[in-house]
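A short reminder: the numbers here are calculations on the coordinates, not readings from a lab. Note that the structure is predicted; figures quoted are calculated from it, not measured. Cβ: placed from backbone, ideal geometry, glycine included. Neighbour counts: every protein chain shown.
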Amino acid sequence: MERSNSNMSTLGGMRPSRRVLTAVAVLAGTVLAGCAENAPQDLFEPAGPNARKIDEGLGGQRFIFIISGIVAAIVIGAVSYIVVKFKDRGQDIPEQTHGNPKLEIALTILPAIILATIAVPTVVKVFELNESDDAACVVNVTGQQWWWEYDYPAQTCGGITIKDPIITSGEMVIPAGVPVQLRITSRDVIHSFWIPALNGKRDAVPGRLHPLRMEADNPGIYVGQCTEFCGLSHARMRQAVVALDAADFQTWVDNQLEPYTSPEAGTLAAEGESQYISQCSRCHQVNGLTDSEGNPVLSNPDENVYSGSAPNLTNLMTRTGFAGFTWDLITEECRNELWNAPSEEFGDMYLAGVWMNTPEGADRPVCFNEVELREWLRNAPGMKPMYANPAQLEKTGGLYRGMPNLGLNEQQIDQLIAYLLVRK
Ligand code: CUA
């Protein structure tokens, strides 16, 4: 809607006929672009039971589109007919009439019947979509400017035991074919969680917990984006649900909970660990990290960032995206390969992540998108605007909104990258 409005306003200077033609072309282009093949957010390609429920049957979106289409065709047809037939050709003004009870009653009853036909099955569906008695796992989902955090309490999930809590961000990993109960909230403003292939939207509201049932039929990656305007980088707040079969999900859980080991002393990665402790650990937690005296290094985001939280970076390299899933940790080529992988091959590829396609023994991962991660470390707010006006730093009492530019030099970035790569 926003897009067509802004286009309309630029058409002001054209002749009316050209204006109509251009508007129709823009509308057709928008509609066709939505139908393009390989559109990962195509809402007509459900990949889970809830999305299918939204799509099909009485009260589903196709049903509503058909009814709306018929109504639109009748209205547009009638208006066009009247416009042409009664065009002002200099004829006399026809005899004026007032009131027509029969017509008025008919035009009240007819829309009421149409609306009831849509409303009754839709409301039934809304109740069905809210049923979550069968949920086998729980994931707490927290939105904030501008990323999503997923926190898995210790539990047995789809037959797999998660013995300690897991915290991750950007992409939520779930077992395929298992209904998962999301508990959605926000730390700052209202966001909205939406994975079009799996479910409808659910707002993330501070101080409230909104449930949403998430289930994917098959292993794969299902992407979405925040759908509630939430500030400057709303368009850079993306998310994905990754579904894995039971064995791969078990591997993912084991990888997340693998105890921390420091990189070998004297390596670039070990230098990276010290850089990490001095530059990053104020905000970003890495579980199990200890300083040179063996004391746990604990992040303090509430004393450094306005929202009070920053992504937990434990095992960052088990993910495929960073910075609110807006940039990829894997190269574009590898991402296309992963996103289009057949479901039986997907799990192995996802678990390999940046190491996908890398020959055994190679020390550098083939699929690693080093270019954009370096760019991010060089100047994060240059890629993802955090504040409209840097003077806002005063308003927040010196607390940052999002990641600041840390002024790292290339050597420090080399060290940090080496460290992040050693950690899974
Ligand atoms: Cu979060 Cu828009």
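Remarks
- Straightening the chain between residue 89 and residue 44 buys 11.5 nm, computed as 0.36 nm per residue apart minus the Cα-Cα spacing.
- Chymotrypsin sites (Phe, Trp or Tyr not before Pro) restricted to DSSP loop in region 71-155 with at most 10 other C-beta within 10 Å: 86
- When 322, 193 are sorted by how many other C-beta atoms sit within 10 angstrom of their C-beta, beginning with the fewest, the order is 322, 193.
- Taking every DSSP helix (H) stretch of at least 4 residues in the chain, weighting each as -39,500 (n - 2.57) and dividing the sum by the residue count yields a mean residue ellipticity at 222 nm of -12000 deg cm²/dmol.
- Spacing of the two label points (7 Å from each Cα toward its C-beta) at residue 232 and residue 378, in nm: 2.0 nm
- For the residues 288, 143, 397, a GNM of the chain with alpha-carbon springs under 10 Å puts the largest fluctuation on 397.
- Crossing angle, helix 410-422 versus the chain [Cα axis fit, 0-90 degrees, rounded to tens]: 90 degrees
- Paramagnetic label zone (point 7 Å from Cα along Cα-to-C-beta, residue 366; backbone N under 20 Å) in region 394-424: 421-422
- Straight Cα distances below 28 angstrom link residue 102 to the lysines 85, 87, with same-chain residues fewer than 8 positions distant left out.
- From the alpha carbon centroid of region 242-273 to that of region 326-382 is 16 Å.
- Sorted by Cβ neighbour density within 10 Å, fewest at the top, the residues 183, 213: 183, 213
- Kirkwood hydrodynamic radius over Cα pairs of the chain, then Stokes diffusion coefficient at 4 °C and 1.567 mPa s, in µm²/s: 52 µm²/s
- Once backbone amide H atoms are built at 1.01 Å from N, residue 148 has 170 as its partners under 5 Å, excluding neighbours fewer than 5 places away on the same chain.
- Modelled spin labels at residue 274 and residue 262, positioned 7 Å past Cα toward Cβ, are 1.1 nm from each other.
- Within the chain, the longest run free of exposed loop sites, counting GluC sites (Glu not before Pro) that sit outside DSSP helix and strand states (H, G, I, E, B) and have at most 15 other Cβ atoms within 10 Å, spans 132-263.
- Largest mean-square fluctuation among 214, 172, 383, in a Gaussian network model of the chain whose springs join Cα atoms under 10 Å apart, belongs to 383.
- With neighbour counts taken as other beta-carbon atoms within 10 Å, the residues 84, 126, 286, 26 rank, fewest first, as 84, 126, 26, 286.
- Among 353, 48, 77: highest mean-square fluctuation, GNM of the chain, C-alpha pairs under 10 Å: 77
- A straight Cα-to-Cα reach below 25 Å connects residue 201 with the lysines 53, 125, 384, residues fewer than 8 places away in its own chain not being considered.
- Computed lengthening from residue 27 to residue 201, 0.36 nm per intervening residue step minus Cα-Cα distance: 60.2 nm
- Between residue 184 and 141, 210, 212, the built amide H atoms are under 5 Å apart, and every one of these is 5 or more places off in sequence or on another chain.
- Value of relative contact order over region 40-129, rounded to a whole percent, pairs C-alpha under 8 Å and six or more apart: 44 percent
- Over region 210-361, Cα pairs under 8 Å with separation of 6+ residues give a relative contact order of 23 percent.
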